[in-house]
Amino acid sequence: MNNITQKFLEIVSDYKGSFDGVAYNIREDGGCAGRQSTEHIKIESKPDGPGLVITIDPHTKGETVYIPACVTKSNINDLVYNDFYVGEGADVVIVAGCGVHADGDAEARHNGIHRFFLGKGSHVLYKEKHVGTGSGKGLRRIDPVTDMVLEEDAVMEMDTIQIRGVDRTTRSTTGVLKARAKLIIHERLMTDGEERALTDFNVVMEGEDSKVDLISRSVARGSSYQEYHSKITGNNRCTGHSECDAILVGNGKVNASPELYAGHLDAELIHEAAIGKIAGEQILKLKTLGLTQEEAEEKIIQGFLR
Amino acid sequence: MLKLESIAWRPQDGEEILKGINLTVAEGRLTVITGPNGGGKTSLAKIIAGLQTPTAGKIWLDGQEITDLDITQRSRMGIGYAFQQPVRFKGLTVRSLLEIAAGGDLCNGEICQLLGQVGLCTQDYIDREVNASLSGGEIKRIEIATVLAKKNARLLIFDEPEAGIDLWSFTGLIDAFEQLKAGRNCSLLIISHQERILEIADEIVVIADGKVRTQGSREEVLPALLENEKTGRCPLHKEVACNE
Ligand SMILES: Nc1ncnc2c1ncn2[C@@H]1O[C@H](COP(=O)(O)OP(=O)(O)OP(=O)(O)O)[C@@H](O)[C@H]1O
Ligand SMILES: [Mg+2]
């Protein structure tokens with residue numbers, strides 16, 4: 001793998017020189033820069049197109065699988081389909097970071113389509129971190145699609161972070177939940193300069209006593225623009241909660257349109273949303289602790305996106 | 001060490017709230033400001049800390065005029081202010097807020113000591129966010145701890161530190177104030193209605209209707225204040241204010 005990939009791996013996959021004893025696949029500029037399966041986690045190429053099939057045996061416990069993807073130069077448009085089959089009762093961590101680096105005038109783009117099939121009673125912590133680097137004029141673009149199907153009693157926690165450097169992003173996430181399945185999504189997003197980010201969540205709770213908790217925190221700085229759509233559908237006795245907080249700095253703009261659909265009398269759906277600049281009194285408080293205006297803003301944003 | 005000269009303050013499009021306050025806080029002393037609700041105590045504290053700009057008057061700290069200095073500069077000169085109504089932060093943890101207050105990293109032992117002074121158990125709070133989930137008393141105590149954490153303290157202002165704090169923790173808080181007074185060469189300015197805080201004061205200042213009504217040593221001022229309270233008369237020299 002090249003130096004840029006190496007650097008990305010450190011940022012997005014806690015990489016420290018090697019992936020020892022764990023299952024991983026490193027995707028670099030559309031090719032494979034390393035792969036390893038373990039006894040319980042198999043990683044195979046798709047027979048019919050770009051991408052992987054990741055199969056996690058039932059009741060696999062405590063393993064982590066890394067599926068990072070890196071685009072390290074301009075004029076690459078990488079498209080990949082990865083399917084994750086998580087066996088019944090498995091409890092694993094999946095880390096799927098992505099970095100794009102543009103060094104020239106042309107676009108550098110990664111478009112990862114991840115599908116998750118969580119077996120009954122399985123538990124997945126899915127971590128996804130996105131970064132853009134490079135001083136080329138070409139746009140850095142990451143367009144992730146995440147589709148999840150949670151069987152009965154499955155739990156998926158998705159932790160997704162994108163902080164600076166990605167010029168354009170369209171993030172689409174869908175989920176279908178069976179009985180007692182639980183989906184928790186934490187999104188943290190920061191845009192700056194002329195960056196644009198579109199986020200779209202669509203979760204359908206089909207099963208009785210299923211539950212979704214969607215927490216999105218974002219900061220729009222510079223002249224950046226963010227659009228946030230979420231739709232939570234409850235077609236059974238279920239609970240859905242979404243919370244969308246955005247902070248504006250400078251000329252940042254945010255358009256948030258949350259949607260709730262209750263198709264059942266016992267569907268309890270709540271949405272909370274707040275957009276605004278940093279509260280003046282928060283800045284005042286931190287100034288009384290000795291920070292300047294800029295330092296105070298930085299600390300508040302850091303904490304907010306923690 | 002702190003000197004206020006003819007401080008006046010009128011909010012935009014409002015009536016005059018502070019009407020020529022003169023006040024001196026001596027080095028290493030504990031001064032308690034008391035007086036009726038709406039009298040102007042918090043307004044005065046904000047003016048000292050730089051959160052409000054006086055419409056007239058001058059402020060000195062350690063012989064240097066600070067009237068035109070901003071909040072940050074005053075903080076760096078040693079002024080700390082515990083808000084009457086603490087601010088909540090989505091995301092910032094108790095640890096990070098205390099570290100900001102101390103101006104650098106704190107070890108667990110130091111955090112434990114700070115939180116202990118305000119009666120909080122470190123384990124339960126260190127990683128909590130300073131957000132809406134904290135109770136009124138909890139956030140108030142954390143607010144006080146941020147000021148106790150200040151390293152270069154010259155003048156620490158506490159605005160009704162007793163508010164919302166249970167009796168048991170309150171005793172600990174009084175100890176903390178007494179220790180501060182004894183241990184560091186800084187002055188304390190506490191805004192309070194609480195008899196037990198008045199009892200540890202060196203000086204008591206009564207502010208009502210934007211003016212200093214009485215100022216003197218605890219021995220001079222406190223007996224009359226308590227007498228008024230017992231007889232149910234207008235408290236704290238408000239008699240004067242009421243008759244006006
Ligand atoms: N920004 C403002 N604009 C207009 N009026 C204000 C403003 N701030 C304070 N006031 C008014 O000034 C008066 C003094 O307020 P202040 O908060 O200083 O009183 P206080 O003595 O601290 O009262 P308390 O004991 O209730 O805390 C009140 O009548 C209040 O309504
Ligand atoms: Mg007040």
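The values are calculated or read from the model by the stated rules, or taken from the named source; none is laboratory data. Keep in mind it's a predicted model, so treat the numbers as computed, not measured. Here the Cβ is made from the backbone with ideal geometry for all residues, glycine too, and neighbour counts use every protein chain on show. Side chains are part of the model used for accessible areas, which takes the heavy atoms of the whole protein and leaves out ligands, DNA and RNA. Shrake-Rupley method; radii C 1.70, N 1.55, O 1.52, S 1.80 Å.
Summary of computed values
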read-out	value
B:L4 being of a type in the set (A, V, I, L, M, F, W, C), over 30 Å from B:E219 (Cα atoms) and either part of a strand (DSSP E or B) or in contact (Cβ under 8 Å) with a residue 12 or more places away in the chain (or both)	no
Selection status of B:G137, within 16 Å of ligand 1 (Cβ to nearest atom), without any contact (Cβ under 8 Å) to a residue 40 or more places away in the chain, among the small types (G, A, S) and surrounded by fewer than 19 Cβ atoms within 10 Å (Cβ to Cβ)	no
Tally, over segment A:276-303, of residues that are in contact (Cβ under 8 Å) with a residue 40 or more places away in the chain and open to solvent by 20 Å² or more (accessible area, probe 1.4 Å)	1
Residue within segment A:296-305 that is more than 30 Å from B:I47 (Cα to Cα), among the aliphatic types (A, V, I, L, M) and part of a strand (DSSP E or B) present	no
Elements of type strands (runs of 3 or more DSSP E) contained in segment B:141-208, each with 2 or more residues being away from chain A (no Cβ under 14 Å) and within 15 Å of ligand 1 (Cβ to nearest atom)	B:187-191, B:203-208
Filter result for A:I270 (among the β-branched types (V, I, T), away from chain B (no Cβ under 13 Å) and open to solvent by 20 Å² or more (accessible area, probe 1.4 Å))	yes
Residue selected from segment B:35-70 under the condition open to solvent by less than 10 Å² (accessible area, probe 1.4 Å) and within 11 Å of ligand 2 (Cβ to nearest atom), by the criterion nearest to the other protein chains (Cβ to nearest Cβ)	B:A45
Total residues in segment A:251-269, condition under 29 Å from A:G303 (Cβ atoms) and in contact (Cβ under 8 Å) with a residue 60 or more places away in the chain	1
Residue within segment B:103-112 that is β-branched (V, I, T) and either in the same structural domain as B:L30 (by TED's automatic domain parsing) or closer than 22 Å to B:R76 by Cα (or both) present	yes
Residues (open to solvent by less than 40 Å² (accessible area, probe 1.4 Å), touching a residue at least 60 places away in the same chain (Cβ under 8 Å) and part of a loop (DSSP other than H, G, I, E, B)) located in segment B:8-32	B:G28
Qualifying residue in segment A:239-250 (condition: surrounded by 18 or more Cβ atoms within 10 Å (Cβ to Cβ), free of Cβ contacts under 8 Å to residues at least 60 places away in the same chain, within 9 Å of chain B (Cβ to nearest Cβ) and in a loop (DSSP other than H, G, I, E, B))	no
Some residue of segment B:71-93 being away from chain A (no Cβ under 12 Å), in a helix (DSSP H, G or I), in contact with a helix residue (DSSP H, G or I) (Cβ under 9 Å, 6 or more places away or on another chain) and in contact (Cβ under 8 Å) with a residue 24 or more places away in the chain	no
Single residue of A:G62, A:G89 found to be farther than 28 Å from A:R140 by Cα, in contact with a strand residue (DSSP E or B) (Cβ under 9 Å, 6 or more places away or on another chain) and in a loop (DSSP other than H, G, I, E, B)	A:G89
